[in-house]
Structure formats: C-alpha cells, structure tokens
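The structure appears below as structure tokens.
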Protein chains: 2
Amino acid sequence: MNGEKKLEHARERVIEAISQNMNLYGVTESIGRLYGALYFQEGPLTLDEMKDELGMSKTSMSTSVRSLLELKMVGKVWKKGVRKDLYQAEPDWYQTFIDFFSIKWRTGISINVSAMEKSLAELQSLVEDEGTDSKVHAEAKQDIEKLTDALEYYDWLNRLVDSFESKEIFNYIPKNS
Amino acid sequence: MNGEKKLEHARERVIEAISQNMNLYGVTESIGRLYGALYFQEGPLTLDEMKDELGMSKTSMSTSVRSLLELKMVGKVWKKGVRKDLYQAEPDWYQTFIDFFSIKWRTGISINVSAMEKSLAELQSLVEDEGTDSKVHAEAKQDIEKLTDALEYYDWLNRLVDSFESKEIFNYIPKNS
DNA sequence: CAGTACGTACAGTTTTTTCTGTACGCGTTA
DNA sequence: TAACGCGTACAGAAAAAACTGTACGTACTG
C-alpha cells in the first residue's frame with residue numbers, strides 16, 4: 001500500500017469515529033463525516049469541493065454545513081477573489097465542546113424552565129383553592145416539590161454553562177493535567 | 001375546568017418539555033415522554049401500567065424502558081409479592097445529568113481515542129518511512145499534530161467526567177448558589 | 001405436571017428522516 | 001442588459017427508524 005492510501009485510511013478511521021461520536025448526540029452521521037472531512041483539510045472548502053469529497057449532493061452539503069454552522073463547529077471564511085462560500089472546521093475541540101453543549105443546554109433549560117414555571121403557578125393556585133379535592137391537592141403538592149427541585153437543578157446547570165462559556169471551568173479542570 | 005384536569009394539564013406540559021429536551025440529545029420523544037410519565041408517578045410502574053398511561057404497545061414500553069435503564073434514568077424496583085417488573089424514574093436530576101453525560105462522553109472518548117491512537121501510529125510510521133512522498137509526509141505531520149491535540153482534549157474530557165462522577169464538580173459549581 | 005403470566009425477539013407496517021434533482025432568486029460578469 | 005454561477009427552497013424518492021402484533025422462552029402457580 002502506498003503512502004497516500006495509508007494517509008487516507010488513517011484519516012478515514014478517525015473521521016468515522018468522529019461521525020459515530022457526534023451521532024451519539026443526535027447529529028446525523030453524514031453531518032459528522034462532513035465535519036471530519038473538513039477537520040482534516042488544510043484550508044477551507046467550497047460546497048462543490050465537499051460534494052466531491054463526500055460524494056453527495058450539493059443540496060445536502062448546503063444543509064449539512066448550515067447545521068454545523070449553527071453548532072459553531074464550522075465557520076464561514078472569506079477569501080479575496082473567491083466568489084464561492086468557504087467553510088472550515090473549528091479546530092479547537094475545547095471550544096467546539098463548549099459551544100456544542102452550551103447551545104444545547106441553554107436551549108433545554110429554556111424549554112424546561114418556562115414550562116415548569118407555568119405549571120408551577122397553576123399547581124400553586126390549585127393548592128390554594130379551597131375547593132380542590134384532597135387527593136388532587138396532595139398530588140399537586142408533591143408535584144410542586146418536584147418542580148421546585150428541578151428548577152433548582154436548572155439554576156445549577158445554568159451556572160455550569162456560565163463556567164463553560166467564561167472558560168472558568170479550565171480553572172477547575174485545567175487543560176494540562 | 002376541574003382540579004384533576006388542571007393537574008393533568010400542568011403535568012402534561014412539563015412532560016412534553018422534558019421529552020423535547022431529551023430529544024435534543026438523540027433520545028426519542030416517546031422515550032422522553034415515558035420518562036416524564038414515570039417522573040410524576042408516586043410509585044414505580046409496571047410495563048402494563050406504562051402501556052395504559054401512554055397508550056402504546058407493551059413491546060414499545062419494554063424497549064423504551066430498557067433504553068432508560070441504560071441511561072440510568074430509571075431504576076428497576078423490587079416489591080414483595082409483585083411478580084411484574086417495576087420501574088421508577090430516578091428523581092435526582094443532578095444524578096441523572098451526571099449519569100447521562102458520563103455514559104455518553106465515556107463512550108465517545110473510547111471510540112475516538114482508540115481510533116486516533118491507531119491512526120496516529122500509522123501516521124508516525126508513514127513519517128518515519130524514508131520513501132514517503134514529500135507531500136504525503138507533510139500532510140501526515142499535520143495530521144499527527146491535529147490528533148495529538150485532539151487526544152489532549154480527550155484527556156481533559158476524561159478528567160471532566162471524573163469530576164462529575166466523583167461529585168467534585170459540586171465543589172466548583174455548588175448546588176446552592 | 002399442566003396452565004398461566006410475564007417480558008422480549010422478531011418480522012412486518014407505518015411514520016419519519018435523509019437525500020437528491022430541479023427550479024429559482026440573487027448577485028456578479030461581460 | 002443578458003448570461004452565468006452560486007446557494008438554497010421545495011417536492012419527490014429512498015432509506016432509516018419507530019411502532020405494533022404475534023409468537024415464544026422462562027418462571028411461577030395450582
């Protein structure tokens with residue numbers, strides 16, 4: 001086997017692993033492979049180059065790259081004299097990790113907290129209402145406790161994300177052990 | 001609207017939010033709803049009760065509950081005199097969070113690290129080989145650097161997971177702010 | 001030792017997601 | 001201003017997944 005092939009294989013294995021890994025968090029394998037491909041490129045790629053690299057449609061490249069942009073796993077690059085859009089992988093995996101989970105966690109927090117606060121208010125009024133059936137009353141009280149605990153947890157998660165975004169986490173878990 | 005209905009609605013909203021949230025991380029909405037339903041139950045449920053609760057097949061409940069078990073989001077409960085399997089939601093969300101991401105992250109680390117180490121070795125030998133084409137040689141060197149960085153990142157991630165599993169993280173980001 | 005209850009493997013169906021090709025709007029070029 | 005190149009919206013096709021019902025192995029029950 002010649003050197004080029006060896007290089008190719010070595011990359012391919014890692015790209016596949018990256019892809020599987022991303023797949024664990026709900027990212028399509030194709031999108032994962034695209035990220036992997038970009039990761040090993042020296043420079044940024046155009047949609048057409050990606051299409052050739054992965055053997056997929058340009059449409060797919062367009063949508064996939066947009067997903068990666070939203071996750072901040074790739075960035076758009078401007079290059080003088082080049083009309084096509086250029087994209088390159090964010091090479092710093094610490095940063096990728098932080099962005100990826102910060103985005104997801106904040107989204108989740110926001111979904112859950114707003115639902116919980118709304119429900120919590122309803123349950124409060126249910127408990128305060130004299131006419132509420134005693135069984136319902138008891139269950140509502142239990143639910144209130146659960147939701148209160150959950151909200152406390154979300155406060156904690158928010159602070160965890162803060163420590164990621166501010167890089168404070170690296171004071172606690174340093175990059176170089 | 002009567003009290004029971006109100007309670008039901010309040011719960012339903014939160015269950016839906018939980019489900020959406022879990023869906024962000026690649027967990028099916030159905031599985032999310034099952035967790036949510038279990039979360040609001042006072043006691044553990046049997047597969048048949050879940051089936052009735054969610055209006056789905058028993059087979060689905062069986063497979064869904066297994067997924068939740070693997071994520072340690074539910075636990076199997078033994079109750080004297082009851083032949084059916086009983087499951088209940090892990091109520092502590094800090095713990096759920098830790099388990100969920102520890103499991104996922106460790107899996108990802110293991111996939112990626114082993115692929116990277118293998119490829120790294122191949123690339124090393126490629127670089128050491130005198131006969132390697134100079135362009136390939138240069139690219140291999142670059143890849144080696146990338147993989148070395150990535151492995152360093154995975155070492156960090158491993159330590160982060162350690163701090164989760166050991167609860168040390170709560171020293172840095174305390175539960176009560 | 002039947003008979004029954006339970007959980008799940010498996011195959012088939014339905015639903016959802018992913019992927020592609022065409023068509024179009026916009027901006028650049030000649 | 002016409003012609004071209006680019007990225008993407010959209011609709012349909014292909015692939016994947018979620019879900020169900022049946023059937024079966026195992027473990028209790030009488």
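Debye-formula intensities of the protein assembly as shown, expressed as log10 I(q)/I(0) at q = 0.11 Å⁻¹, are -0.86 (one equal scatterer per alpha-carbon, no solvent).
Between the listed residues A:Val27, A:Leu54, A:His9, the Cα displaced farthest toward the positive end of the dipole of segment A:1-74, a dipole computed from Cβ unit charges relative to the Cα centre, is found at A:Val27.
FRET efficiency for the B:Lys76 to B:Glu168 pair, using the beta carbon distance and R₀ = 35 Å, is estimated at 0.75. One Cα centroid belongs to segment A:41-61, the other to segment A:107-147; the line between them spans 50 Å. Net charge around B:Pro44, counting only other residues with Cβ within less than 12 Å of its Cβ (Lys, Arg = +1; Asp, Glu = -1)? Value of the local net charge: -1. Size descriptors for segment A:93-177: radius of gyration and Dmax over Cα atoms are 18.3, 62 Å.
What number comes out for the charge environment of B:Pro174, summing +1 per Lys or Arg and -1 per Asp or Glu over other residues with Cβ under 15 Å away? Don't skip to the end; give the middle numbers.
Values: positive: A:Arg159, B:Lys167, B:Lys175; negative: A:Glu152, A:Asp155, A:Asp162, A:Glu168, B:Glu168.
Its environment carries a net charge of -2.
Counts of other chain beta carbons within 10 angstrom of each beta carbon in peptide A:26-32 average 1. Here the average projected area of the convex hull drawn through the C-alpha atoms of chain B stands at 16.3 nm².
Take the convex hull of the alpha carbons in segment B:1-58; its mean projected area over all directions comes to 4.3 nm².
Seen from all sides and averaged, what is the projected area of the convex hull of the Cα atoms in segment B:43-109, in nm²?
Details: hull surface 20.7 nm².
Taking a quarter of the hull surface, the average projection is 5.2 nm².
With 25 Å as the limit on Cα-Cα distance, the pairs of B:Lys51/B:Lys84; A:Lys58/A:Lys167; B:Lys104/B:Lys167; A:Lys79/B:Lys146; A:Lys146/B:Lys6 that go past it are A:Lys58/A:Lys167. Report, to the nearest 10°, how far helix A:58-70 tilts away from the longest principal axis of the Cα atoms in chain A, using its own Cα long axis and a range of 0 to 90°. In chain A, helix A:58-70 runs at an angle near 50 degrees to the longest axis.
Cross-link partners for A:Lys72 among the aspartates and glutamates, with Cα-Cα distance under 12 Å and sequence neighbours closer than 8 places in the same chain left out: A:Glu90, A:Asp92, A:Asp99.
Of the whole protein surface, A:Arg33 contributes about 70 Å² of accessible area at a 1.4 Å probe radius.
Counting Cβ atoms of other protein chains within 10 Å of each residue's Cβ and taking the mean over peptide A:115-127 gives 4.
The values are calculated or read from the model by the stated rules, or taken from the named source; none is laboratory data. As the structure is a prediction and not an experimental result, all values here were calculated from the model. With ideal geometry, Cβ positions are generated from the backbone for all residues, glycine too; neighbour counts draw on all protein chains shown. Side chains are part of the model used for accessible areas, which takes the heavy atoms of the whole protein and leaves out ligands, DNA and RNA. Shrake-Rupley method; radii C 1.70, N 1.55, O 1.52, S 1.80 Å.
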